[in-house]
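The values are calculated or read from the model by the stated rules, or taken from the named source; none is laboratory data. Quick caveat: nothing in here was measured; it's all calculated off a predicted structure. Cβ coordinates were reconstructed from backbone atoms using ideal geometry, including for glycine residues, and neighbour counts include every protein chain displayed. Protein only, heavy atoms only, side chains kept; ligands, DNA and RNA dropped before computing areas. Shrake-Rupley method; radii C 1.70, N 1.55, O 1.52, S 1.80 Å.
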Amino acid sequence: MKKILLIAEHEGGTLKRASLELAGKARAFAGVDGEVTALLFGDAEGCAAQLGGVGVDRAFVAVAADPDRLTGETAAPFVAELVGRLSVDAIVATETPLGHDALARLAACLDTGMATACLDGAFTEEGFSGRRSQYGGNVVVSFALTGTPIVATFRPNAFPVPETTGSLCTVDRIETAPRETRASVAEVIETEAGLQDLAEADRIVAGGRPVGSVEGFGLLAGLAEAIGAQVGASRAAVDAGSISHDHQVGQTGRVVAPKLYIACGISGSIQHIAGIRSAKTVVAINSDPEAPIFSKADFGIVGDLFAVVPALVSILEQRSTNNE
């Protein structure tokens, strides 16, 4: 029986999938007789209550914290206050900029150890042990934490989203006033209208440097629209200015786990492969038969993407017409 504190995140009034995944894992950490408490920031009472359907017993909402301008420095005091109020065995969060920064500060305040970007974990008689990846996902190492409480962040898409029961949990408000910080958010730049968080997309069509231009990514957008997918990109394509960073997939972009990932003109660097390691099905389209991406792909097409992609769109449109 354990007591777990979960730092959950939401966007636009909707709980992030990674937080739902980790809520289910937190429930497993706590055990049947344990307790899972969640902390959310901003006007999130509705989201907080919904966490009851995935195993959370109680939620707190820090209403004074603006989630759009939240940093680890501003979030850490809210977490520390709740840890001081509760007697918990572990504080867990998703490996996001907020989760990583806030919990690192918390671990320093508590003078306890911290594990970041974990793949899994479990309580043992000695403490808490788990696994995390290193070197772009090429090495998986085991770790053990013996301090109390343990502090850990977990990679998005590491666990399945638990089935919801529809139950609601009790929600309490934390009214702590904002505190002075050494750094603040000067500007919030909105993502592209209609762009879904790639980490939560079921299907992604991604392009690499050979796509070559904004117009080239327009071609991929046509394929994405035909299959209900989001458009992604490699770092090389983003660095070339062909598409915004919001679309970047990989170790320095978004770690994704879609049911279908179509890589168009992506060579398959170690960093990119690390970002799609959890994808269920990978289709690679590349003119180079020796491209590393083919070692990860379930299906490969050796050919010019500017010929293959339009052909795929044409086939899909024809099938759609025949089914009408």
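If you work out Rg and Dmax of the Cα atoms in Å from the coordinates, which of (i) 19.7, 60; (ii) 21.3, 65; (iii) 23.4, 99 do you get?
Matching entry in (i) 19.7, 60; (ii) 21.3, 65; (iii) 23.4, 99: (ii).
Mind checking the per residue accessible area of region 1-119 for me, 1.4 Å probe, whole number of Å²? Don't skip to the answer; put the middle values down first.
Working: 4330 Å² over 119 residues.
On a per-residue basis, 36 Å².
Would you mind getting the accessible area per residue of region 149-238, heavy atoms of the protein chains only, 1.4 Å probe, in Å²?
Working: 5040 Å² over 90 residues.
It amounts to 56 Å² per residue over region 149-238.
What net charge do the residues around residue 36 carry, taking every other residue with its C-beta under 13 Å from that of residue 36, with Lys and Arg at +1 and Asp and Glu at -1?
In short, +1.
Per-residue HN-Hα couplings for region 312-319, Karplus 6.51 cos²θ - 1.76 cosθ + 1.60 at θ = phi - 60°, whole Hz, x for Gly and Pro?
Running phi through 6.51 cos²θ - 1.76 cosθ + 1.60 with θ = phi - 60° gives 5, 4, 4, 5, 5, 5, 5, 5 Hz.
Let me make sure I get this right: for region 53-212, a, b and c are the square roots of the gyration tensor eigenvalues over alpha carbons, sorted descending. Under 1.5 in a/c it's rounded, otherwise prolate if a/b > b/c, else oblate. Which is it?
Details: a/c = 1.43, a/b = 1.12, b/c = 1.28.
Because its axes are fairly even, with a/c under 1.5, region 53-212 counts as rounded.
Under 13 Å from the Cβ of residue 309, count the other residues' Cβ atoms, weight Lys and Arg +1, Asp and Glu -1, and hand me the total.
The answer is -4.
Applying the Karplus parametrisation 6.51 cos²θ - 1.76 cosθ + 1.60 with θ = phi - 60° to the phi angles of region 148-155, what ³J(HN,Hα) value in whole Hz is obtained for each residue in order, glycine and proline being reported as x?
Listing the rounded values in order: 9, x, 8, 10, 8, 10, 10, 5 Hz.
In whole angstrom, note down how far apart the Cα centers of region 205-222 and region 100-132 are.
40
Going down the list 3/25; 2/25; 16/296; 3/280; 16/280; 3/259, which pairs span over 23 Å between their C-alpha atoms?
Beyond 23 Å: 16/296; 3/280; 3/259.
Is the shape of region 194-324 rounded, prolate or oblate, going by the alpha carbon gyration tensor and its root eigenvalues a ≥ b ≥ c, with a/c under 1.5 for rounded and a/b larger than b/c for prolate?
Since a/c stays below 1.5, the shape of region 194-324 is classed as rounded.
Which one, 310, 258, 67, has the greatest fluctuation when you compute a Gaussian network model over the chain with C-alpha springs under 10 angstrom?
Looking only at 310, 258, 67, the biggest GNM fluctuation is shown by 310.
Between rounded, prolate and oblate, where does region 10-138 land on the alpha carbon gyration tensor, with a ≥ b ≥ c its root eigenvalues, rounded for a/c under 1.5, else prolate if a/b exceeds b/c?
Rounded.
Counting each DSSP H run of 4 or more residues in the chain as -39500 (n - 2.57), what helix-only mean residue ellipticity at 222 nm follows after dividing by all residues, to the nearest 500 deg cm²/dmol? Could you put the intermediate results ahead of the total?
Numbers: 9 runs with 96 residues, N = 324.
Helix-only estimate at 222 nm: -9000 deg cm²/dmol.
Could you tell me what percent of the accessible area of the chain is made up of carbon and sulfur, with a 1.4 Å probe and every protein chain present?
Working: 7800 of 15640 Å².
About 50 percent, which is the carbon plus sulfur part of the accessible surface.
Taking amide H positions as placed 1.01 Å from N in the peptide plane, with prolines and chain starts having none, which residues 5 or more places from residue 60, or on another chain, fall under 5 Å of its amide H?
Placed amide hydrogens put 38, 39, 40, 172 under 5 Å from residue 60.
Given springs between every Cα pair under 10 Å in a Gaussian network model of the chain, which of 228, 72, 84 has the largest fluctuation?
84
At most 13 other Cβ atoms within 10 Å plus a DSSP loop assignment makes a site exposed; report the longest stretch of the chain without any exposed trypsin sites (Lys or Arg not before Pro).
Longest stretch, sites excluded: 1-178.
If you average the sequence gap of Cα pairs under 8 Å that are 6 or more apart and divide by the length of the chain, what percent do you get for the contact order?
14 percent.
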